[in-house]
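Report on the structure given below.
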Amino acid sequence: MDRVELNIPSNPIFERVVRASAAEVGSAFGFSEERIEDLKLAISEAVNNAIDHGNRGEAGKLVAVVFEIDGEKLEIRISDQGPGVERIDVTRRVVDEANLEAGELRGFGMYLISELVDDLEVSSSHRGTILTLRLYRREQP
Amino acid sequence: MDRVELNIPSNPIFERVVRASAAEVGSAFGFSEERIEDLKLAISEAVNNAIDHGNRGEAGKLVAVVFEIDGEKLEIRISDQGPGVERIDVTRRVVDEANLEAGELRGFGMYLISELVDDLEVSSSHRGTILTLRLYRREQP
Amino acid sequence: MSDIIRREEFGEVAILHVTTTSVDAISAAAIAAECQDMRPITVLDFSEVSFINSAGISALLKFVVSARKSGYKLFAMHVSPHHQKIFKMVEMSRFMPTIEERDLAEYRIAS
Amino acid sequence: MSDIIRREEFGEVAILHVTTTSVDAISAAAIAAECQDMRPITVLDFSEVSFINSAGISALLKFVVSARKSGYKLFAMHVSPHHQKIFKMVEMSRFMPTIEERDLAEYRIAS
Ligand SMILES: Nc1ncnc2c1ncn2[C@@H]1O[C@H](COP(=O)(O)OP(=O)(O)O)[C@@H](O)[C@H]1O
Ligand SMILES: Nc1ncnc2c1ncn2[C@@H]1O[C@H](COP(=O)(O)OP(=O)(O)O)[C@@H](O)[C@H]1O
């Protein structure tokens, strides 16, 4: 089992560091270009949420990202130091006329994550929120 | 002061993760393309040494990399969990006929690091070796 | 003038070439700012873009809203297969369909 | 056959196109293996290479050693300005000078 750990301050510029690391971890795991893009996007969304909603952009609060390669499984845990959240909505969310009229232009992140990974788990307490993403190596078609 | 921390197992495939992170940290710091390349190379050499010479490739031993952005200074510390080393030679080392004849095709890493960073410090004990690299933001020409 | 968008205009058409590789939380504001100044046919060119996340999509939706308000047409050009997939997932493609270089050429000639 | 090097040969000349972006500890062995099979004029093409470290340089030096043993000529092509700087630092450029596409073309015609 190989583990890569990364801690960043709550500044979105450092989300790019996590994303670049994710690409290399995905490549080391043997992912195709397309799945590496899926992985980068899912992790980008999770890290931006940890920064914005979890740590409320307080630079002193960290976002911790752990990549674990375990046989056929790649597990990524993204944790923040926020106050925690009751529940997170991961239902399908698409652009529609009503949202555009209302100027509601956000809210796609969790839905995208849930579509892009094989398995998504959310655990939250008063000490913060942890998103666990799991992706499996697939048989070549 | 912003700090990014990264821990990897002693497997050279994960040096690529550190290198990709370094590129994004350098970019966030405002470095030019050329200095980002210098930074990537210096860190790559330091991490490969920590893996090979420090941790002797024992995957269970970690390499820790800390990036600190402090005003005009970017400081990077690369530490291993090896037995430590008496001294490390950073004198100029170039390809020459004698080395080629003798098949001595290595030994450029430390010299390259010392050329590519503004300041290099080595500290070593029985608990491991720490390389500290410092680079400063330069005035635009 | 943003250095994240390079503009090209002819007649009714504006092509906005996105020159950053990463349409994300960092570049979103500078990109969204350009939606203040659209033409009846506005095309976003993604040929240099390698990454778009939901912060970026929010910025692009400002163009959608602005186009709808003005009755303008909005297109996307040179969208990578991966980003086409993502745009489909969130049905962005309904509001910002892709246009081919050659179809755009017709507008160029017409103008 | 390595999938890290794509070979092209004509007459006395072999062009070895390095197809990995990263000439590092991971790709070094596969690259070095190709030095077993050089031609009197061997050219390493770095056009797709964006990174070379000292583990990569050690692999390239195997070509230098092999060329010297056989009395062959070794050149580098499409070396980025950054890598030219690094090759100068370690005086690699003395043993693997860069060659221009157009000078190589003369060998092509001659053969
Ligand atoms: N790490 C987190 N901590 C607290 N709340 C979160 C976290 N991640 C997501 N959420 C909640 O889930 C909601 C949906 O997130 P998302 O789909 O990414 O949309 P957006 O970030 O655009 O609001 C957020 O608005 C927030 O309330
Ligand atoms: N992290 C480290 N721990 C122990 N020894 C080291 C470390 N880094 C460098 N060294 C020593 O310094 C020497 C020179 O390193 P370098 O110039 O990178 O060349 P090379 O790695 O090719 O031998 C190494 O051979 C090793 O003895």
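The values are calculated or read from the model by the stated rules, or taken from the named source; none is laboratory data. All of these numbers come straight from a predicted model, not from anything done at the bench. A quick note on method: Cβ atoms are made from the backbone with ideal geometry, for glycine too, and the neighbour counts reach across all protein chains shown. Side chains included, ligands, DNA and RNA excluded: accessible areas come from the protein's heavy atoms. Shrake-Rupley method; radii C 1.70, N 1.55, O 1.52, S 1.80 Å.
Here are the numbers for the structure shown:
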read-out	value
Odd one out for B:Glu72, checked against (1) out of contact with any strand residue (DSSP E or B) (no Cβ under 7 Å at 6 or more places or on another chain); (2) open to solvent by 60 Å² or more (accessible area, probe 1.4 Å)	(1)
Number of the condition not met by A:Val63 [criteria: (1) out of contact with any Lys or Arg (no Cβ under 7 Å at 6 or more places or on another chain); (2) outside any helix (DSSP H, G or I); (3) more than 14 Å from chain C (Cβ to nearest Cβ)]	(3)
Those residues of segment C:47-88 which are of a type in the set (Phe, Trp, Tyr) and in contact with a Phe, Trp or Tyr (Cβ under 8 Å, 6 or more places away or on another chain), in sequence order	none
Verdict on B:Ile113 being touching a residue at least 60 places away in the same chain (Cβ under 8 Å), within 14 Å of chain D (Cβ to nearest Cβ) and either within 16 Å of ligand 1 (Cβ to nearest atom) or not aromatic (Phe, Trp, Tyr) (or both)	yes
Selection from segment B:29-69 of residues that are open to solvent by less than 40 Å² (accessible area, probe 1.4 Å), away from ligand 2 (no atom under 14 Å from the Cβ) and among the hydrophobic types (A, V, I, L, M, F, W, C)	B:Phe29, B:Phe31, B:Ile36, B:Leu39, B:Val66, B:Phe67, B:Ile69
Qualifying residue in segment B:109-127 (condition: near ligand 2 (Cβ under 8 Å from one of its atoms) and either open to solvent by 90 Å² or more (accessible area, probe 1.4 Å) or among the basic types (Lys, Arg) (or both))	no
Filter pass, A:Gly107 being on the phi > 0 side of the Ramachandran plot, within 14 Å of chain C (Cβ to nearest Cβ) and either away from ligand 1 (no atom under 16 Å from the Cβ) or not aliphatic (A, V, I, L, M) (or both)	yes
Among residues of segment D:26-56, those that are in contact with a Lys or Arg (Cβ under 9 Å, 6 or more places away or on another chain) and closer than 22 Å to B:Ile36 by Cα, counted	5
B:Thr91 being more than 16 Å from ligand 1 (Cβ to nearest atom), in contact with a helix residue (DSSP H, G or I) (Cβ under 8 Å, 6 or more places away or on another chain), closer than 30 Å to D:Lys69 by Cα and polar (S, T, N, Q)	yes
Selected residue (criterion: nearest to D:Thr21 (Cα to Cα)) from residues of segment B:14-27 that are open to solvent by less than 40 Å² (accessible area, probe 1.4 Å) and facing another protein chain (nearest Cβ under 7 Å)	B:Ala20
